[in-house]
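J.: Have a look at this one.
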Amino acid sequence: MRRADLEALGDRAPKGPILGVFVPDLDMKELLVANRGASYFTTPHFDGYAIVLVRLGTIGTGELKELLREGWKARAPKKPTRRSK
(Lines give C-alpha, C1' and ligand atoms only; values in the text may rest on other atoms or scores of the structure.)
Protein backbone atom coordinates (compact mmCIF):
# COMPACT_ATOMS: atom_id res chain seq x y z
CA MET A 1 0.00 0.00 0.00
CA ARG A 2 1.03 3.55 -0.56
CA ARG A 3 2.33 5.52 2.41
CA ALA A 4 -0.59 8.00 2.15
CA ASP A 5 -3.05 5.06 2.30
CA LEU A 6 -1.37 3.65 5.39
CA GLU A 7 -1.47 7.05 7.06
CA ALA A 8 -5.16 7.50 6.16
CA LEU A 9 -6.06 4.09 7.61
CA GLY A 10 -3.89 4.35 10.71
CA ASP A 11 -4.55 1.42 13.05
CA ARG A 12 -7.12 0.04 10.58
CA ALA A 13 -4.43 -0.64 7.96
CA PRO A 14 -4.39 -4.31 6.93
CA LYS A 15 -1.47 -6.44 8.04
CA GLY A 16 -1.82 -9.17 5.40
CA PRO A 17 -2.25 -9.34 1.64
CA ILE A 18 -4.91 -7.25 -0.08
CA LEU A 19 -6.43 -7.16 -3.55
CA GLY A 20 -8.09 -4.31 -5.43
CA VAL A 21 -11.17 -5.43 -7.36
CA PHE A 22 -13.49 -3.56 -9.68
CA VAL A 23 -17.15 -3.65 -8.67
CA PRO A 24 -20.14 -2.79 -10.87
CA ASP A 25 -20.68 0.70 -9.42
CA LEU A 26 -20.06 3.02 -6.48
CA ASP A 27 -23.28 1.90 -4.76
CA MET A 28 -22.00 -1.68 -4.65
CA LYS A 29 -18.67 -0.46 -3.30
CA GLU A 30 -20.38 1.46 -0.50
CA LEU A 31 -22.59 -1.52 0.31
CA LEU A 32 -19.65 -3.92 0.57
CA VAL A 33 -17.57 -1.57 2.70
CA ALA A 34 -20.48 -0.73 5.02
CA ASN A 35 -21.85 -4.25 5.50
CA ARG A 36 -18.69 -6.33 5.39
CA GLY A 37 -16.10 -4.05 6.92
CA ALA A 38 -13.93 -6.94 8.10
CA SER A 39 -13.19 -8.02 4.52
CA TYR A 40 -13.73 -4.89 2.41
CA PHE A 41 -12.34 -1.40 2.75
CA THR A 42 -11.24 1.58 0.72
CA THR A 43 -8.82 4.49 0.96
CA PRO A 44 -9.01 8.11 -0.20
CA HIS A 45 -6.88 7.12 -3.21
CA PHE A 46 -9.87 5.13 -4.56
CA ASP A 47 -12.56 7.75 -3.85
CA GLY A 48 -14.78 8.10 -6.91
CA TYR A 49 -13.69 4.76 -8.38
CA ALA A 50 -15.74 1.56 -8.37
CA ILE A 51 -12.89 -0.40 -6.80
CA VAL A 52 -12.97 -2.10 -3.43
CA LEU A 53 -9.96 -3.35 -1.49
CA VAL A 54 -10.20 -6.87 -0.06
CA ARG A 55 -8.35 -8.33 2.93
CA LEU A 56 -7.58 -11.74 1.42
CA GLY A 57 -7.20 -13.48 4.77
CA THR A 58 -10.81 -12.71 5.72
CA ILE A 59 -12.75 -13.72 2.62
CA GLY A 60 -13.85 -17.18 1.54
CA THR A 61 -12.92 -18.65 -1.81
CA GLY A 62 -16.51 -18.71 -3.07
CA GLU A 63 -17.13 -15.09 -2.15
CA LEU A 64 -13.86 -14.02 -3.77
CA LYS A 65 -14.72 -15.91 -6.98
CA GLU A 66 -18.12 -14.21 -7.11
CA LEU A 67 -16.56 -10.79 -6.52
CA LEU A 68 -14.01 -11.36 -9.30
CA ARG A 69 -16.71 -12.64 -11.67
CA GLU A 70 -18.91 -9.60 -11.04
CA GLY A 71 -15.94 -7.27 -11.42
CA TRP A 72 -15.02 -8.88 -14.73
CA LYS A 73 -18.59 -8.61 -16.02
CA ALA A 74 -18.64 -4.93 -15.06
CA ARG A 75 -15.45 -4.17 -17.01
CA ALA A 76 -15.37 -6.68 -19.89
CA PRO A 77 -16.33 -5.58 -23.38
CA LYS A 78 -19.97 -6.20 -24.19
CA LYS A 79 -19.06 -8.12 -27.34
CA PRO A 80 -16.26 -10.66 -27.28
CA THR A 81 -13.44 -9.71 -29.59
CA ARG A 82 -11.72 -12.10 -31.94
CA ARG A 83 -8.00 -12.25 -32.26
CA SER A 84 -6.66 -12.56 -35.74
CA LYS A 85 -4.13 -15.32 -36.33
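J.: In the chain, which helices (runs of 4 or more DSSP H) lie fully inside it and hold 1 or more residues that are in contact with a helix residue (DSSP H, G or I) (Cβ under 9 Å, 6 or more places away or on another chain) and at pLDDT below 90? Steps first, please.
T.: Details: elements: 3-9, 26-35, 61-75.
Answer list for the chain: 3-9, 61-75.
J.: So which pairs qualify, if the first residue must be in the stretch 45-62 and under 19 Å from Ala34 (Cβ atoms) and touching a residue at least 12 places away in the same chain (Cβ under 8 Å), the second must be assigned to a strand (DSSP E or B) and acidic (Asp, Glu), the Cβ gap must be under 8 Å, and the two must be at least 6 apart or on different chains?
T.: Qualifying pairs under 8 Å: none.
J.: Against the conditions (1) within 29 Å of Arg3 (Cβ to Cβ); (2) surrounded by 13 or more Cβ atoms within 10 Å (Cβ to Cβ), where does Pro44 fall short? Just the number, please.
T.: In the conditions (1) within 29 Å of Arg3 (Cβ to Cβ); (2) surrounded by 13 or more Cβ atoms within 10 Å (Cβ to Cβ), Pro44 misses (2) alone.
The values are calculated or read from the model by the stated rules, or taken from the named source; none is laboratory data. Note that this is a predicted model, so its numbers are computed, not measured. Note that we place each Cβ from the backbone using ideal geometry, even for glycine, and neighbour counts take in every protein chain shown.
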